[in-house]
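Since the structure comes first, as structure tokens, the remarks are kept for the end.
The values are calculated or read from the model by the stated rules, or taken from the named source; none is laboratory data. Predicted, not measured: the structure shown is a model, and the values here were computed from it. Note that we place each Cβ from the backbone using ideal geometry, even for glycine, and neighbour counts take in every protein chain shown. To get the accessible areas, we keep the full protein, side chains included, count just its heavy atoms, and leave off ligands, DNA and RNA. Shrake-Rupley method; radii C 1.70, N 1.55, O 1.52, S 1.80 Å.
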There are 2 protein chains.
Amino acid sequence: MKIGILGYGNLGRGVEYAVEKNEDMELVGVFTRRDPSSVSPRSGAKTYHVDELENMKDDIDVLIICGGSATDLPEMTPKYAKMFNVIDSFDTHAKIPEHFSNVDEAAKSAGKIGIISCGWDPGMFSLNRLYSMSVLPGGKDYTFWGKGVSQGHSDAIRRIEGVKDARQYTVPVPAALDAVRSGKNPELTTRQKHTRECFVVAEDGADKEAITKAIVTMPNYFADYDTTVTFITEEEMKRDHSGLPHGGSVIYTGETGEGNKHVIEYKLDLDSNPEFTGSVLAAYARAAYRINQAGESGAKTVFDIAPAQLSPLSGDDIRAHYL
Amino acid sequence: MKIGILGYGNLGRGVEYAVEKNEDMELVGVFTRRDPSSVSPRSGAKTYHVDELENMKDDIDVLIICGGSATDLPEMTPKYAKMFNVIDSFDTHAKIPEHFSNVDEAAKSAGKIGIISCGWDPGMFSLNRLYSMSVLPGGKDYTFWGKGVSQGHSDAIRRIEGVKDARQYTVPVPAALDAVRSGKNPELTTRQKHTRECFVVAEDGADKEAITKAIVTMPNYFADYDTTVTFITEEEMKRDHSGLPHGGSVIYTGETGEGNKHVIEYKLDLDSNPEFTGSVLAAYARAAYRINQAGESGAKTVFDIAPAQLSPLSGDDIRAHYL
């Protein structure tokens, strides 16, 4: 199937790697709002200005939209669902119903599929929450993130005066993880679940005490957490913190019968958040194409897609080898 | 929806608990090959002889078949798929294609759904193998079982002369688990992955040395494993080993980009194997009923069922709260 990538940041590059790994996929090109000649995809894929998409309706089976959830996706996904099967990683939880509705209307009018909120959270984590609560109704679910880089929190630190660069790691509290895994069903505050570790490169002569205070007291981002701030050099930042690892666990605890406890854990340990997310998008792009070929249209999420649709193998093969 | 349970052993009792927990389900009755008056379901459900099923085609939406894979299910599931939506936990891996084909033919001819091989392995573990390999093609999957009671291995010990009772635990080797979780992709022999712990009550005057030797050298069951045998009293057996805990992990490791590693683990820690399996069957019974109502028929596995079909909640609700 023929894949287009819209947006060539970290996520777009992750999708590019994933498309190369899937032998049934071909990358038609990378689409950008920038000057296409300024973008050089690692794979040598062609680059086009985003405005070219309207002229390429027959050349692309699925358009993977790699934009930001704040402003890009609410506009882009419905727009392109009128022309292509599309898929995005929209992750603004409160606005998912509205986004779903907009994409649904656009995709249905065009007879296309639009899969939204795909990746690992929302995405694989959501699936595990749903499977667990369906199997063990009345249980309790916990989500822990990390250890991993939060780009939003890193950006928030970078906006503080005197900060040249910053990287923020979200770290689950081991004692909280242990308590949940033991099936104790603890009630946990925000502070008890995660800590935040910040690595900061300060401008020459900057007031480090003021920077630290600005970080640890920042509302929403840090004030509710135990936060540590470590000042490092630019070289150390580059050497030790250039990756984008992430991961976490969805843990569900439930009971059956006369007090029998069950603990279900789904755990991800990812060297590269954008490359793993891009890989999930590629697998669901396959599903989008297939269910559209089978006559379906409208907005979908990971909840609506039968797992077999993600695999390039036949039903016979997956039953024989993976069941 | 109206549920029938065929077979009232440990699994049937597990399904009975699960049906009670699901408010949209009603237990029509328990069906047995024994004299129905000799079976007293804990919930007070009605009991019927299995032959009554033919007269109750309109009274049952889904029949959950709780029989053994060796001889019961290959005969029962196709037979009752001609009358009802059915679901089973068939787990003889080599015969899944044949069983699928038989159930498919029967269910299609009747316009019914037959979900086979449902539970946790095959079942939830299979799902996680498929999701992981679809997202990260070319990776490696490992399955560890336990710590948990293997009923087949316990039965094998009980057949040895001089053995009054026995319980066998399958235990994953911690060093093997650690090596896999670290992303090292080790090649592991059977012996390196699991050990087997046997607790045996011997008959008075039995030759314990001979029993031990018979166990640890038993082909297929124990010879390929490091096996420990501990003799205990009947009281200790009853006090310490009356549960049927189980669980395990599916661990998948894959790479993206320039050598970025990812580890995905799905882990179950279950106090009661049959009650958890029964809970999975109940959730998929809901799906069987729904997709049949929507016009589908034929054999299905967990791979073919969209996750949303398992939940009693509406699509709007699961998107708003669990995505």
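Points worth noting:
- Which numbered condition A:Phe276 fails, given (1) surrounded by 20 or more Cβ atoms within 10 Å (Cβ to Cβ); (2) touching a residue at least 40 places away in the same chain (Cβ under 8 Å); (3) farther than 25 Å from A:Lys147 by Cα: (3)
- Taking the stretch B:172-221 as the range and being buried (at least 19 other Cβ atoms within 10 Å of the Cβ) and among the charged types (D, E, K, R) as the test, the residues that pass are B:Lys193, B:Arg196.
- Neighbours by Cβ (under 6 Å, 6+ apart or cross-chain): first from the stretch A:159-171, open to solvent by 30 Å² or more (accessible area, probe 1.4 Å); second of a type in the set (D, E, K, R) and modelled with pLDDT of 95 or more: A:Lys164/A:Glu203
- Of the residues making up the stretch B:300-323, those that are among the aliphatic types (A, V, I, L, M), out of contact with any Ser or Thr (no Cβ under 7 Å at 6 or more places or on another chain) and open to solvent by less than 10 Å² (accessible area, probe 1.4 Å) number 1.
- Exactly one residue among B:Ser279, B:Ser242, B:Ser249 is part of a loop (DSSP other than H, G, I, E, B) and under 26 Å from A:Asn260 (Cβ atoms), and that residue is B:Ser242.
- Scope the stretch A:33-42; condition in contact (Cβ under 8 Å) with a residue 24 or more places away in the chain and touching a strand residue (DSSP E or B) at 6+ places or on another chain (Cβ under 6 Å); matching residues: A:Val39, A:Pro41
- Subset of the stretch A:270-315 (residues that are of a type in the set (D, E, K, R) and facing another protein chain (nearest Cβ under 7 Å)): A:Asp271, A:Glu275, A:Asp304
- One residue from B:Thr228, B:Thr233 being away from chain A (no Cβ under 14 Å) and in contact with a Cys (Cβ under 9 Å, 6 or more places away or on another chain): B:Thr228
- Among the residues of the stretch B:89-138, those identified as over 16 Å from the mean Cα position of the chain (by Cα), surrounded by fewer than 22 Cβ atoms within 10 Å (Cβ to Cβ) and more than 10 Å from every other protein chain (Cβ to nearest Cβ) are B:Glu98, B:Asn102, B:Asp104, B:Glu105, B:Ala106, B:Lys108, B:Ser109, B:Ala110, B:Gly111.
- Residues that are open to solvent by less than 10 Å² (accessible area, probe 1.4 Å) and either more than 7 Å from every other protein chain (Cβ to nearest Cβ) or over 17 Å from B:Leu177 (Cβ atoms) (or both) within the stretch B:258-268 comprise just one, B:His262.
- Filtered by the rule that a residue be under 21 Å from A:Met124 (Cβ atoms) and out of contact with any strand residue (DSSP E or B) (no Cβ under 7 Å at 6 or more places or on another chain), the stretch A:68-93 gives A:Gly68, A:Ser69, A:Ser89, A:Phe90, A:Asp91, A:Thr92, A:His93.
- For B:Arg239, the conditions (1) in contact with a Phe, Trp or Tyr (Cβ under 7 Å, 6 or more places away or on another chain); (2) loosely packed, with under 15 Cβ neighbours inside 10 Å all hold with the exception of (1).
- For the stretch B:1-17, the tally of residues that are open to solvent by 10 Å² or more (accessible area, probe 1.4 Å) and closer than 21 Å to A:Ser134 by Cβ stands at 5.
- Qualifying residue in the stretch B:246-257 (condition: open to solvent by 10 Å² or more (accessible area, probe 1.4 Å), under 18 Å from B:Gln168 (Cβ atoms) and not acidic (Asp, Glu)): yes
- Among the residues making up the stretch B:279-299, those that are surrounded by fewer than 24 Cβ atoms within 10 Å (Cβ to Cβ), of a type in the set (S, T, N, Q) and in contact (Cβ under 8 Å) with a residue 60 or more places away in the chain are B:Asn292, B:Ser297.
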